[in-house]
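What follows draws every value from the coordinates through simple rules; no lab data is involved. Keep in mind it's a predicted model, so treat the numbers as computed, not measured. Positions of Cβ are generated from backbone atoms using ideal geometry, with glycine treated the same way; all protein chains shown enter the neighbour counts.
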Amino acid sequence: MQNKHEIEFDDGRRILISYTTPVCLFIPGRGYLVSEHSFGFSPTTSKHIRSFSGCSRAGFGETQILDLDLFKKQIEPLKYR
C-alpha cells in the first residue's frame, strides 16, 4: 500500500495526501502551504512533506503554515474531475 498520493489539477495546483489526510498544497503564485498540524502526524508524513515541497517545518514561512480551518478552505475549492 502506498502511503502518499499527489493529485495535480489543470490549473497547476497540487495536493499531497499522506495516508488519508491532505497535508500540503501547492498553489502557483503562492507556493506551498501546510496545516499547522501537518508535521505532528508522524515521521513518515514529515518525510512526505519534505519530498513534496523540498522543505522541512523550519523551511516554511509564517504565511505558509495555516491553521487547520484556513488550510481546509484552501482545499475546498479544488474540484476533482
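This table checks each residue for (1) out of contact with any His (no Cβ under 8 Å at 6 or more places or on another chain); (2) surrounded by 12 or more Cβ atoms within 10 Å (Cβ to Cβ); (3) not small (Gly, Ala, Ser).
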residue: Phe9; (1), (2), (3): yes, yes, yes
residue: Arg13; (1), (2), (3): yes, yes, yes
residue: Gly54; (1), (2), (3): yes, no, no
residue: Thr63; (1), (2), (3): yes, no, yes
residue: Asp69; (1), (2), (3): yes, no, yes
Handout entry: Failed condition for Leu25, given (1) surrounded by 18 or more Cβ atoms within 10 Å (Cβ to Cβ); (2) more than 21 Å from Gly12 (Cα to Cα); (3) not β-branched (Val, Ile, Thr)
Key = (2)
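So which residues in segment 66-81 are assigned to a helix (DSSP H, G or I) and within 13 Å of the chain's Cα centre (by Cα)?
Kept after step one, since they are assigned to a helix (DSSP H, G or I), are these residues of segment 66-81: 68-75.
Result: Leu68, Leu70, Phe71, Lys72, Lys73, Gln74, Ile75.
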